[in-house]
Amino acid sequence: MNSNTPSVVGTDLNPEKIPAHVAIIMDGNGRWAKKRLLNRIKGHEKGSEAVRTIVRTCREIEIPFLTLYAFSTENWQRPKSEVTALMSLLKNFLESEKTEMLSNNIRLNAIGQIERLPEDVRQTLHKTMDLTKNNDGLRLNLALSYGGRSEILRMVKQIAKKVKEGHIDPDSITSELVSEHLYTGDMPDPDLLIRTSGEVRISNFLLWQIAYTEIYITDTLWPDFGKDEFVQILKDYQGRERRFGRTGS
Ligand code: IPE
Ligand code: IPE
Ligand code: MG
């Protein structure tokens, strides 16, 4: 097979129409646990197993970019015990996946207010990003303390500063320039956004970047989300006609 053609072995996906960037709002861990009369933390633990499965699947079918919404700027308002548990799960995930990322050519990236994460988590994150920085396979992009509005504010401040210092002429500000000043500056916009657990909202995720993203909402709770459903959603995506405002013909 041509090395530029994605490998879709074991699926009936069209290798010519593999999305370059998939973004996922991984929702429903709490409800998954509640249904089983378990603590919400158990739902998050189970959810991190689903993350492993989906990362592996993206690598297998050679999706270049995967962005996972793991913790929002608003999630800091959850009870302290839940925030602490999520941070420690994140650290465990980074530590346990390090070897797999290295052996599978995965490059780890993070978007969001990384400076707000606890010191030990930040250290582990930076270490793993550094270790994997030369990998050129799947780019695994974790949204951590991420909020679309805060990202846009940050971009506006950066551009305003450059204007003030005379580096940018306000009339030369373009969409491309705005995109370059977002956390996702060196990535394509998502082609497909999936949200689990049936909620039909964006919850402050990638507000600028999803202007023309295809959206798929599934009722499945994140801990129950697996390869088969993911492939079926990709299949659905491949059957859509993306018009970008133009006519079908
Ligand atoms: C998603 O699951 C994980 C995070 C937001 C960190 P939730 O914890 O939001 O689960 P529900 O929505 O309460 O079921
Ligand atoms: C969105 O889920 C954030 C993440 C999945 C990390 P939430 O559960 O926080 O969103 P809302 O509160 O239902 O909008
Ligand atoms: Mg939720």
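If you go through the stretch 205-224, how many residues are in contact with a helix residue (DSSP H, G or I) (Cβ under 8 Å, 6 or more places away or on another chain) and either more than 14 Å from LEU192 (Cβ to Cβ) or open to solvent by 20 Å² or more (accessible area, probe 1.4 Å) (or both)? It would help to see each step written out before you state the result.
Here is the first cut: in the stretch 205-224, the ones in contact with a helix residue (DSSP H, G or I) (Cβ under 8 Å, 6 or more places away or on another chain) are 205-209, 214, 216, 218, 220-224.
Adding the requirement that they be either more than 14 Å from LEU192 (Cβ to Cβ) or open to solvent by 20 Å² or more (accessible area, probe 1.4 Å) (or both) leaves 207-208, 214, 216, 220-224.
Of the residues in the stretch 205-224, 9 are in contact with a helix residue (DSSP H, G or I) (Cβ under 8 Å, 6 or more places away or on another chain) and either more than 14 Å from LEU192 (Cβ to Cβ) or open to solvent by 20 Å² or more (accessible area, probe 1.4 Å) (or both).
Please find, within the stretch 1-47, the residue that is most open to solvent (accessible area, probe 1.4 Å) out of those that are among the β-branched types (Val, Ile, Thr) and within 16 Å of ligand 2 (Cβ to nearest atom). Spell out the reasoning first.
Initial filter on the stretch 1-47 (among the β-branched types (Val, Ile, Thr)): 5, 8-9, 11, 18, 22, 24-25, 41.
Next, only the ones that are within 16 Å of ligand 2 (Cβ to nearest atom) stay: 22, 24-25, 41.
On the way: VAL22: 0, ILE24: 0, ILE25: 9, ILE41: 43 Å².
This residue is ILE41.
Being assigned to a loop (DSSP other than H, G, I, E, B), away from ligand 1 (no atom under 12 Å from the Cβ) and not hydrophobic (A, V, I, L, M, F, W, C) is true for just one of GLN232, GLN209. Which residue is that? Give the derivation first.
Numbers: GLN232 fails: assigned to a loop (DSSP other than H, G, I, E, B).
Just one listed residue meets the conditions, GLN209.
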Subset of the stretch 212-222, residues assigned to a loop (DSSP other than H, G, I, E, B) and closer than 19 Å to GLY112 by Cβ, comes to THR213
Condition met for ALA50 (open to solvent by less than 50 Å² (accessible area, probe 1.4 Å), within 11 Å of ligand 1 (Cβ to nearest atom) and farther than 22 Å from ASN204 by Cβ):
no
Residue pairs, Cβ under 8 Å, 6 or more apart or interchain, first in the stretch 216-234 and of a type in the set (Ser, Thr, Tyr), second open to solvent by 30 Å² or more (accessible area, probe 1.4 Å). List them.
TYR216/ASP236; THR218/GLU229; THR220/GLU229
Go through (1) open to solvent by less than 80 Å² (accessible area, probe 1.4 Å); (2) of a type in the set (Asp, Glu); (3) assigned to a loop (DSSP other than H, G, I, E, B); (4) within 25 Å of GLU62 (Cβ to Cβ) for GLU199 and report which single condition fails.
(4)
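When residues of the stretch 135-160 are filtered for being among the polar types (S, T, N, Q) and either open to solvent by 50 Å² or more (accessible area, probe 1.4 Å) or in a helix (DSSP H, G or I) (or both), how many remain? Step through it out loud before you land on a result.
Of the residues in the stretch 135-160, the ones among the polar types (S, T, N, Q) are 135, 141, 145, 150, 158.
From the residues that got through so far, the ones that are either open to solvent by 50 Å² or more (accessible area, probe 1.4 Å) or in a helix (DSSP H, G or I) (or both) too are 150, 158.
So the count comes out to 2.
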From the list THR53, THR11, which residue is in contact (Cβ under 8 Å) with a residue 12 or more places away in the chain and farther than 21 Å from LEU144 by Cα?
THR11
State whether the residues of the stretch 189-199 include one that is farther than 12 Å from ILE24 by Cα, touching a Lys or Arg at 6+ places or on another chain (Cβ under 9 Å) and more than 16 Å from ligand 1 (Cβ to nearest atom).
no
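Answer yes if at least one residue in the stretch 100-110 is within 15 Å of the chain's Cα centre (by Cα), among the hydroxyl-bearing types (Ser, Thr, Tyr) and modelled with pLDDT of 95 or more, and no otherwise. Can you show your working first?
Within the stretch 100-110, the subset within 15 Å of the chain's Cα centre (by Cα) is 106-110.
Subset that is among the hydroxyl-bearing types (Ser, Thr, Tyr): none.
Checked against the condition, which is being within 15 Å of the chain's Cα centre (by Cα), among the hydroxyl-bearing types (Ser, Thr, Tyr) and modelled with pLDDT of 95 or more, the stretch 100-110 yields no hits at all.
The values are calculated or read from the model by the stated rules, or taken from the named source; none is laboratory data. Remember, it's a predicted structure, so these values are computed and weren't measured experimentally. Here the Cβ is made from the backbone with ideal geometry for all residues, glycine too, and neighbour counts use every protein chain on show. Accessible surface is based on the protein model in full, side chains and every heavy atom, while ligands, DNA and RNA are left aside. Shrake-Rupley method; radii C 1.70, N 1.55, O 1.52, S 1.80 Å.
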